[in-house]
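One structure is given here, and the rest of the page talks about it.
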Amino acid sequence: MNVFFNLRGSIVRQMVEDRAAPEAAMSPPRRSSSSHGDSRTSTETLQRNNSSNSGVILDIAALKMAEVDTEVPPLPPRYRFRDLLLGDQTFQNEDRVQVEFYVNENTFKERLKLFFIKNQRSSLRIRLFNFSLKILTCVLYIVRVSLDDLKETNGNPCWPNSTSESPEINWKLIFWVTRPDPLWAIQVTVALISFLETMLITYLSYKGNIWEQIFQISFILEMINTVPFIITIFWHPLRNIFVPVFLNCWLAKGALENMINDFHRAIQRTHSAMFNQVFILICTLLCLVFTGACGIQHLERAGKNLTLFDSFYFCIVTFSTVGYGDVTPQIWPSQLLVVILICVALVVLPLQFEELAYLWMESQKLGGNYSRHRAQTEKHVVLCVSSLKIDLLMDFLNEFYAHPRLQDYYVVILCPTDIDIQVRRILQIPLWSQRVIYLQGSALKDQDLMRAKMDDAEACFILSSRNEGDRTAADHQTILRAWAAKDFAPNCPLYVQILKPENKFHVKFADHVVCEEEFKYAMLALNCVCPAMSTLVTLLVHTSRGQEGQLSPEQWQRMYGRCSGNEVYHIRLCDSKFFGEYDGKSFTYASFHAHKKYGVCLIGVKREDNKSILLNPGPRHIMAATDTCYYINITKEENSAFIFKQEEKHNKSLSVSGLYDAPSRLPVHSIIASMGTVAIDLQNPDPPEEINKLALPTENGSGSRRPSIAPVLEIADSSAILPCDLLSDQSEDETNQSDEEGSVGSDFVKGYPPNSPYIGSSPTLCHLLPQKAPFCCLRLDKGCTHNSFEDAKAYGFKNKLIIVSAETAGNGLYNFIVPLRAYYRPRKELNPIVLLLDYPPDNHFLEAICCFPMVYFMAGTIDNLDNLLQCGIIYADNLVVVDKESTMSAEEDYMADAKTIVNVQTMFRLFPSLSIITELTHPSNMRFMQFRAKDCYSLALSKLEKIERDKGSNLAFMFRLPFAAGRVFSISMLDTLLYQSFVKDYMIAIARLLLGLDTTPGSGYLCVMKITEEDLWIRTYGRLFQKLCSSSAEIPIGIYRTESHMFSTSESQVSINVEQGEEQQRKRKESWKEKTAHRNSSAGEQSEHPLLRKKSMQWARRLSRKSTNKPSSRAERISQQRLNLYRRSERQELSELVKNRMKHLGLPTVGYDEMNDHQNTLSYVLINPPPDTMLELNDIVYVIRSDPLAHMPEESQVGQNRNTRNPTHFVSETRDETHL
């Protein structure tokens, strides 16, 4: 732009010279009012000048504040006249400079450039017009070829001295064509317009170098195709001269490319580079073929006289490298043209293909875009991760697509890193390639969120990278992603996974949030008091049809696999066949009868006017038609078929009726076979046999008859329900205690923890100390002024210890302590908690835990035997090994658990009786827990896991003995909890209630009870359900069963156990079934255990493909004896090592028992077993107990009249037995 500065230098200098003399002789200065008036007049003049000009007035004098009050005398008249002649009306403000902006764009050239080049929309119209002209010229050329007459051209008199170097080539036919006058007029008009447009564009694009403009390919082609036609206007004989108008196809190609670019700029959108490159390649091929066809056709006019179609056919055959040879050029000019075209194609096409391949590779990395049309017509969800691993991807896809109604959803993965090779291989599988789209990009960029069509997504899953060394930094990245997604798409539901609880409040706006450390520590804590709680919750949040292990010869695997298919579902009471008939009945009555009749376990309910879910609200909760029921079953009610027995005269016919009129609407792959899924119930609800079994014993009843079970009442009776007053001083765990025992917990109070380590923790009523313990008293291994204890033995704890090994005292450890100190835990069952930390905790953490009783910490590691002995490991019942943050990442991903596994294996060898609960980073590494190198049974389980994985099971690892027993846990198993919440929005709330993370008034809590010999008269799980509902209003949800088992450690053991031949095995199959049934009916008989072990070894032997043909020999027996001696000597060495270290530390060795181990047992979880499942000795039953605070005023009246037969909830082996 040009800026004009109007400076009047001479006038200003003259003013300075003349002011000094007349200033004294002139009249005194005017008053300020007149001065202000003149300034206003001057200002108005400047405003008028400013409005008349397009420039801007820069007031330099306004910056000089020192001369504001001084008056400037007027200039003499001669200066006024001079200024008038010069056009300056602002002689009183000579210090101002007028600046005009954008003056250069007001010129005619700039306006033309703005219209033809700079403005996108007008430039797009010009290019469209230019493209149309070029296409029109090509069409006119084809029309001219079709109207061409060779005879008329051959007799053209305009060709003087027509001689040719070769008699075969008629050059006259090459240089002259037949062009009718109308066609000539049209072509001349088009050529004239194109010529003028080209010259105008060249003039507007001129930047100082004319030769650069002239020697451009496009300019040369324009001149070749337009100048000859313009010349024919002035020279009539040249009207039939040949002009290669077909070359305009290349100009049309360039115009089309520019037009597309202008179109993208005009609409402010762009296609992918891949689209543009493919488009350019197609246009190049078309131009080559069209140029070759037209050129060969014209040159062959002097030879074979090919038609335009024949030449087009020849070009297609030639460029496709087929070369039939039926059509070929006959003269050397056309042959030369073919050579030139092939050379051009060999140069141009490889460059185009190379660019296309490069863009394709880049697009494979970036993933392209998710189609807007597909986003508006199909449903999709977005998965945002910082790094995508194969395990994370498969867990998400298997769980997400396990639900039938999500089969048509698309999954768009947005990840900032390059796609992994394994992930790429998985996404190429046809099962996923059509439904999963990988986009490389960041969730913080709106462009990438637009590519993923986040605003049209049904949900957005934001997962944290738990393998990062800095988990806080990983949370910060997750928080920013959640904020970016919420800012871009406010209406898109967010499902966020956070690692640390202190960062949870930053994403509380999300629809569903799962805090990893909250769930992890709460689950590990409950594992200490409720065995295998981690396995129970993991099985509940995984989608399964309960078909795992059904082909196994092992009874426990079939039952365990069948019960693992139970999940949590919901339905409205008025719409339910399961619970609809219990409208107006108590919750306990509905739960028991639904389980008895249909085999479903009703665990919770939600009122229509209340958003809170209540687990087992108790018998005083009356079911309403609008209540939402939450139940555990193999499948949801909508996928169930109902079979009823109808008693007729012959009592043989059965009638089947379905709940829904159109079962064909249900997906076939989601319908579970109804056989065994739903309990079969008689139409007559009160058969005579059941009356005799469940009726109360009469006064004149037989003295040898065992007591009966009271029926469950429809409406709650306060006198019939055993109270549970845990807040009173006379709690059940203190009624029959000696003074010495009562003094242990007499100083505990119940209240809410005063200090929470982070924002957002749910308040829970807990057992607390009357006064906070000093920080020095929390140190276990060092005495202080308050006590001199330096080891766990000196404290004299009544209950076994719970030791937690962690790297640092994070805020998540607070959630480990709270469930173990909850108010509903009896005082006498509180276990001391010892935190074995690699690094000492800070005062902030100690301030949060100093109010809890019997909580201590100690600095040390689990790989140091002295630290383990000092913290009291020989007096511990459970050792919890938490995965350390520093070892979560490794060069090889699956090696992150190496140190933890080896340390736990060492403790497993040193302390066999200790229950070790380990957290691993990768679930696949659980096969190394309690590893036995020559255990054929473990090898058989490994083969079974591979079989289940090949069948597509989401729980292939479920048969691993450490997982089934609840001894190993990986937080990645709970990723499915977040995935399931997309379909079941209540799953996170129910999981938090089960784990004790949330305490809703009126909602129950999870605990366990143990089956003793005195309880085996109940016989079945269904009768136990009734007993608990009628006596204490508790709802059982599963069984933790432990069986005796023998695990072989050598091949000789396997051969000894399976030395019987195949014929003997077949003979014993039927007897095995009979004895198994007899064992289930009578738990006191243990004679079947050896046969169970033999059957297990036979199955292990068959899957391990070991040879069973060789009979046992004396040498094998001798080798077995040697092995036993070696094992005993090895154990003795380990025992001596531990005892020596204890003596060195000054610790007593009385409590160390090296021979007490659990290596010959296996444990597993049965979720919601069928009512006819036989109870066995030492079964541990998971029950949901009603909230003791729900009806305190009523229960306090009967608090003293407790039934001594009330089940005592089991926590450890040292607690009282359960009597029903």
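The values are calculated or read from the model by the stated rules, or taken from the named source; none is laboratory data. Keep in mind that what you see is a predicted model, and the values were worked out from it rather than measured. Quick reminder, even Gly has a Cβ in these numbers, built from the backbone with ideal geometry, and neighbours come from all protein chains shown. Side chains are part of the model used for accessible areas, which takes the heavy atoms of the whole protein and leaves out ligands, DNA and RNA. Shrake-Rupley method; radii C 1.70, N 1.55, O 1.52, S 1.80 Å.
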Review point. Looking only at the range 281-309, which residues are of a type outside the set (F, W, Y) and open to solvent by 50 Å² or more (accessible area, probe 1.4 Å)?
Key: I282, L285, L286, K304, N305, T307
Review point. List pairs: first in the range 600-616 and in contact (Cβ under 8 Å) with a residue 60 or more places away in the chain, second part of a loop (DSSP other than H, G, I, E, B) and aromatic (F, W, Y), Cβ under 7 Å, 6+ apart or cross-chain?
Key: V600/F578; L602/F579; I613/Y986
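Every residue, every condition in (1) at pLDDT below 90; (2) farther than 20 Å from G760 by Cβ; (3) touching a Gly at 6+ places or on another chain (Cβ under 8 Å), yes or no:
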{"residue": "K798", "(1), (2), (3)": "yes, yes, no"}
{"residue": "A809", "(1), (2), (3)": "yes, no, no"}
{"residue": "R825", "(1), (2), (3)": "yes, yes, no"}
{"residue": "L830", "(1), (2), (3)": "no, yes, yes"}
Review point. If you take the residues of the range 395-407 that are out of contact with any Ser or Thr (no Cβ under 7 Å at 6 or more places or on another chain) and open to solvent by 40 Å² or more (accessible area, probe 1.4 Å), which of them is farthest from M987 (Cα to Cα)?
Key: Q407
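For every residue, the table says whether it meets (1) within 17 Å of the chain's Cα centre (by Cα); (2) touching a residue at least 24 places away in the same chain (Cβ under 8 Å).
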position: L427; (1), (2): yes, no
position: L431; (1), (2): no, no
position: F461; (1), (2): yes, yes
position: A510; (1), (2): yes, yes
Exercise for review: Search the range 541-574 for residues being assigned to a helix (DSSP H, G or I) and in contact with a helix residue (DSSP H, G or I) (Cβ under 7 Å, 6 or more places away or on another chain), and hand back the single one that is farthest from A956 (Cα to Cα).
Suggested key: C574
Check your understanding: Which of (1) modelled with pLDDT of 80 or more; (2) open to solvent by less than 10 Å² (accessible area, probe 1.4 Å) is the odd one out, the single condition H922 does not satisfy?
Key -> (2)
Study note, to complete from the structure: Being modelled with pLDDT of 55 or more and either within 24 Å of C1029 (Cβ to Cβ) or touching an Asp or Glu at 6+ places or on another chain (Cβ under 6 Å) (or both) narrows T1218, T1173, T1204, T1208 down to just T1173
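It is to be established whether one or more residues within the range 1121-1137 are under 46 Å from the mean Cα position of the chain (by Cα), at pLDDT 65 or above and either within 21 Å of F908 (Cβ to Cβ) or in a loop (DSSP other than H, G, I, E, B) (or both). Step through it out loud before you land on a result.
Let us first name the residues in the range 1121-1137 that are under 46 Å from the mean Cα position of the chain (by Cα), namely 1134.
So of that shortlist, the ones also at pLDDT 65 or above come out as 1134.
Filter once more, so that each one left must be either within 21 Å of F908 (Cβ to Cβ) or in a loop (DSSP other than H, G, I, E, B) (or both): 1134.
Yes.
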Point to revise | Members of the range 434-448 found to be in a helix (DSSP H, G or I) and more than 13 Å from I413 (Cβ to Cβ), listed by number | key: D446, Q447
Practice item. Taking L955 as meeting all but one of (1) without any contact (Cβ under 8 Å) to a residue 60 or more places away in the chain; (2) open to solvent by less than 20 Å² (accessible area, probe 1.4 Å); (3) among the hydrophobic types (A, V, I, L, M, F, W, C), write down the number of the exception. Key: (1)
Check your understanding: Could you list, in sequence order, the residues of the range 780-817 that are touching an Asp or Glu at 6+ places or on another chain (Cβ under 8 Å) and closer than 21 Å to E518 by Cβ?
Key -> I802, A806, E807, T808, A809, G810, N811, G812, N815
Revision key, fill the gap. Note on the range 545-562: residues surrounded by 22 or more Cβ atoms within 10 Å (Cβ to Cβ) and in contact with a strand residue (DSSP E or B) (Cβ under 8 Å, 6 or more places away or on another chain) are Y560
Review point. Among C515, C528, which is farther than 25 Å from A402 by Cβ, touching a strand residue (DSSP E or B) at 6+ places or on another chain (Cβ under 7 Å) and at pLDDT 90 or above?
Key: C528
Revision key, fill the gap. Across (1) part of a helix (DSSP H, G or I); (2) at pLDDT 80 or above, L306 clears everything bar (1)
Revision key, fill the gap. Of (1) surrounded by 14 or more Cβ atoms within 10 Å (Cβ to Cβ); (2) at pLDDT below 90, K379 satisfies every one except (2)
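Please determine, by comparing only the residues of the range 408-425 that are acidic (D, E) and farther than 22 Å from T543 by Cα, which one is least open to solvent (accessible area, probe 1.4 Å).
D420
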Revision key, fill the gap. When the range 978-1018 is checked residue by residue, the ones that are open to solvent by 20 Å² or more (accessible area, probe 1.4 Å) and either modelled with pLDDT of 90 or more or not in a loop (DSSP other than H, G, I, E, B) (or both) are F982, V983, D985, A989, R992, K1010, E1013, E1014, L1016, W1017
Study note, to complete from the structure: Apart from one, (1) crowded, with 18+ Cβ neighbours inside 10 Å; (2) without any contact (Cβ under 8 Å) to a residue 40 or more places away in the chain all hold for I316; the odd one out is (1)
Exercise for review: Name every residue in the range 591-615 that is outside any strand (DSSP E or B) and either closer than 17 Å to K1027 by Cβ or hydroxyl-bearing (S, T, Y) (or both), in order of residue number.
Suggested key: S591, F592, H593, A594, H595, K596, Y598, S612
Point to revise | Output for the range 770-791, where each listed residue is open to solvent by less than 30 Å² (accessible area, probe 1.4 Å), touching a residue at least 12 places away in the same chain (Cβ under 8 Å) and either closer than 30 Å to I498 by Cβ or out of contact with any strand residue (DSSP E or B) (no Cβ under 6 Å at 6 or more places or on another chain) (or both) | key: A773, L778
